[in-house]
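Engineer: Just dropping this structure here.
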Amino acid sequence: AQSVTQPDIHITVSEGASLELRCNYSYGATPYLFWYVQSPGQGLQLLLKYFSGDTLVQGIKGFEAEFKRSQSSFNLRKPSVHWSDAAEYFCAVSAAGGTSYGKLTFGQGTILTVHP
Amino acid sequence: DGGITQSPKYLFRKEGQNVTLSCEQNLNHDAMYWYRQDPGQGLRLIYYSQIVNDFQKGDIAEGYSVSREKKESFPLTVTSAQKNPTAFYLCASERGNSYNEQFFGPGTRLTVL
């Protein structure tokens, strides 16, 4: 069965500093990977996704993520954090791994706090 | 605007009562999902439906029930058999051939007193 691990429960950064959120997955086939962001009491918004091709993917709000098959990782990065980036971030992997419908398996989430 | 709506935003119920959470989408997506979110545990799948009049249990289906009579609607009933129903519930939908990219509603926070 697939699994996702986000090793950092809580990360604190200063506004303007760079950010990297870690995500490791376990999945036998080629994974389809996602990063979502959630503001308190809200639903999840898709930041970016990886299906195939270029292993560095760009998303919304200035985020990017790099797929590294050898490390089973899909880390999320941003060069300069804004106070509005404070939220909870979830990494997810697709169970179907294809074009059929399938459930997503989520990591436990990383809470990002941004200091002014 | 297309999207997913969940109502109500906050719901309070007494212990032992069944309660139904609404989820509606106008994205014309075939598949719909219900997740439960608890602090520090990420999202866990309750039920999902790939087509009208058909649905499958997820990882934590005990104490929950669903129906899918219309493509646009996927209501979730939290029954009195659910031992710890207080949580944040999220509904999502997915179109076909999208590599399982799911779109989420704003969620319903259920508190059982």
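Engineer: Criterion first (of a type in the set (D, E, K, R) and open to solvent by less than 50 Å² (accessible area, probe 1.4 Å)) does B:R44 satisfy it? Can you show your working first?
Structural biologist: Working: of a type in the set (D, E, K, R): yes; open to solvent by less than 50 Å² (accessible area, probe 1.4 Å): no.
Criteria not met by B:R44.
Engineer: While we're here: Restricting attention to segment A:20-54, which residues are of a type in the set (A, V, I, L, M, F, W, C) and either facing another protein chain (nearest Cβ under 8 Å) or touching a His at 6+ places or on another chain (Cβ under 7 Å) (or both)?
Structural biologist: Let us first name the residues in segment A:20-54 that are of a type in the set (A, V, I, L, M, F, W, C), namely A:21, A:23, A:29, A:33-35, A:37, A:44, A:46-48, A:51.
Across segment A:20-54, the qualifying residues are A:F34, A:L44, A:L46, A:F51.
Engineer: Looking at segment A:52-72, which of its residues are within 18 Å of A:S94 (Cβ to Cβ), open to solvent by 60 Å² or more (accessible area, probe 1.4 Å) and part of a strand (DSSP E or B)?
Structural biologist: Within segment A:52-72, A:K68 is the sole residue that qualifies.
Engineer: Are there any strands (runs of 3 or more DSSP E) wholly within segment B:3-97 with 1 or more residues that are within 18 Å of B:G107 (Cβ to Cβ), and if so which?
Structural biologist: Numbers: elements: B:4-7, B:10-13, B:19-25, B:31-37, B:43-51, B:54-57, B:64-66, B:76-78, B:87-94.
Per the criteria, B:4-7, B:10-13, B:19-25, B:31-37, B:43-51, B:64-66, B:76-78, B:87-94.
Engineer: Can you name the residue in segment A:35-51 that is among the aromatic types (F, W, Y) and at pLDDT below 95 and is also most open to solvent (accessible area, probe 1.4 Å) among such residues? Steps first, answer last, please.
Structural biologist: Taking segment A:35-51 and keeping what is among the aromatic types (F, W, Y), we get A:35-36, A:50-51.
Narrowing the set further to residues that are at pLDDT below 95 leaves A:50-51.
Details: A:Y50: 12, A:F51: 42 Å².
Per the criteria, the residue is A:F51.
Engineer: Out of the residues in segment B:98-113 that are touching an Asp or Glu at 6+ places or on another chain (Cβ under 9 Å) and either among the small types (G, A, S) or open to solvent by 60 Å² or more (accessible area, probe 1.4 Å) (or both), state the one that is modelled with the lowest pLDDT. Explain how you work it out, then say what you get.
Structural biologist: Going through segment B:98-113, the residues touching an Asp or Glu at 6+ places or on another chain (Cβ under 9 Å) turn out to be B:100-103, B:105, B:112-113.
Restricting the remaining residues to those that are either among the small types (G, A, S) or open to solvent by 60 Å² or more (accessible area, probe 1.4 Å) (or both) gives B:103, B:105, B:113.
Working: B:F103: 94, B:G105: 96, B:L113: 88.
That would be B:L113.
Engineer: Assuming A:T105 fulfils every condition listed in (1) among the β-branched types (V, I, T); (2) under 30 Å from B:A31 (Cα atoms); (3) more than 9 Å from chain B (Cβ to nearest Cβ) apart from one, which condition is it?
Structural biologist: (3)
Engineer: Among the candidates B:S67, B:S7, which residue alone is at pLDDT below 95 and more than 23 Å from A:F106 (Cα to Cα)?
Structural biologist: Numbers: B:S67 fails: at pLDDT below 95.
When all the criteria are applied, what remains is B:S7.
Engineer: To continue, here is another question. Within segment B:83-97, track down each residue that is away from chain A (no Cβ under 14 Å) and open to solvent by 30 Å² or more (accessible area, probe 1.4 Å).
Structural biologist: Taking segment B:83-97 first, the residues away from chain A (no Cβ under 14 Å) are B:83-86.
Listed by number, the residues that qualify are B:K83, B:N84, B:T86.
The values are calculated or read from the model by the stated rules, or taken from the named source; none is laboratory data. Keep in mind it's a predicted model, so treat the numbers as computed, not measured. Here the Cβ is made from the backbone with ideal geometry for all residues, glycine too, and neighbour counts use every protein chain on show. Please note that ligands, DNA and RNA were not included when accessible areas were found on the heavy atoms of the full protein model with its side chains. Shrake-Rupley method; radii C 1.70, N 1.55, O 1.52, S 1.80 Å.
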